[in-house]
Amino acid sequence: MVQFDEKLYFYLLGLIPVLVLLYLLVLVWKKSKQKEFADKRLLKRLAPDRSVFKSILKLVFLLLGISFLVIALANPKIGTKLETVKREGVDIVFAIDVSKSMLAEDIAPNRLEKGKRLVSEIINQLASDRIGIIAYAGQAYPQLPITTDYGAAKMFLQSMNTDMLSSQGTAINSAIDLASTFYNDSEQTNRVLFIISDGEDHSEGNTLDALEKAVENGIKIYTIGVGKSKGAPIPIKRNGVVESLKKNNEGEVVITRLNEPVLTEIANIGNGVYINGANTEDAVSFIKEELAKMDKKEFEAKQFAEYKDQFQWFLGLGLLFLFLDVFLLDRKTQWLKKLNLFNEKEYE
């Protein structure tokens, strides 16, 4: 497993397109000045040993040198040993609503992105808990099984969108039923399910049955509401630009609203609490306190240990390419010139 100590240094890679652009601008400027000075045939006679290929090669060496130095600054490390460690925590599953109503922008930037940010901030507060992720709309889909890999969880979290499930609608019961299968440790006494949604539920009475089964399995259900009660239309976008607003069969613009009573009822039946997600900091702080009250179960997990620095290899390669760039001349290499690989004619 590879990790980087200072990922911020990767922003320096933005210098590469800038240098390429500068090189092209200088090349165009040189061409224009050379045309003013003399024609191409005369320039060839004045500088017969000048190599166009080497100037490009020097640029490639420079870019490679900068790239390897940036990686060296980020200090890559490789885990050299996988060991089993004892950890204590709670099993947590996040069920995130990805129905089209989550595109409403009554809470910035929209309900789905707000929900994803809330989950990401909650994960940042965890230490040794195991987490899983479910996406649901008209049906539920397992996004990430129970794991201690928070990095993978955030990666899957960011990839979630309203187009990932073909069946639309909002079936909270499906999410609850699927979540019940995630808890693979029969000895875990604290099982937590967070439902992140605007509260629209098209599963009607099936939700109550799913809730009762979840409670019987020892799952505590918290709901986090995203959106506002006054509601907002659902934008239909193409390439980030709003083309129209979603309409019903009568041609009227659909207004989707945060349904707090439904989310509150689900949390109450699930022995949890409803949390309004409008203020991220307050919501995350409350959840952190709730999780701290719960008993932690000890379990085994494998993780990499004894990470070794690998920056020296990239530093060496970076300096090597910069050295080649500095000492590589623009003149043609004589022995290659004698081979005349490209059948070039000499000007007399």
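No lab work stands behind these numbers, since they all come straight from the coordinates. All values derive from a computational prediction rather than experimental measurement. Glycine also receives a Cβ, built like all others from the backbone with ideal geometry; neighbour counts cover every protein chain displayed.
Of note:
- Peptides 247-254, 170-177 ranked from most to least packed by the mean count of surrounding Cβ atoms within 10 Å: 170-177, 247-254.
- Long-range HN-HN contacts of ILE224 with modeled amide H, under 5 Å: ILE195, ILE196, SER197, ILE275
- Prolate/oblate/rounded label for region 143-269 (Cα gyration tensor, a/c 1.5): oblate
- Table column - 3J(HN,Hα) (Hz), region 220-226, Karplus curve with 6.51, -1.76, 1.60, x for Gly and Pro: 9, 10, 10, 10, 10, x, 10
- Seen through its C-alpha gyration tensor, with square-root eigenvalues sorted a ≥ b ≥ c, region 82-226 comes out oblate because a/c lies at 1.5 or above while a/b is not bigger than b/c.
- Average Cα contact separation per residue, region 92-187, under 8 Å, 6 or more apart, as relative contact order %: 35
- MET164 versus LYS237: modelled label distance in nm, points set 7 Å from Cα along the beta carbon direction: 1.7
- Remark: region 164-174, residue by residue, has Karplus-estimated 3J(HN,Hα) of 6, 10, 6, 7, 9, x, 9, 9, 5, 4, 5 Hz, where x stands for each Gly or Pro and the curve is 6.51 cos²θ - 1.76 cosθ + 1.60 at θ = phi - 60°.
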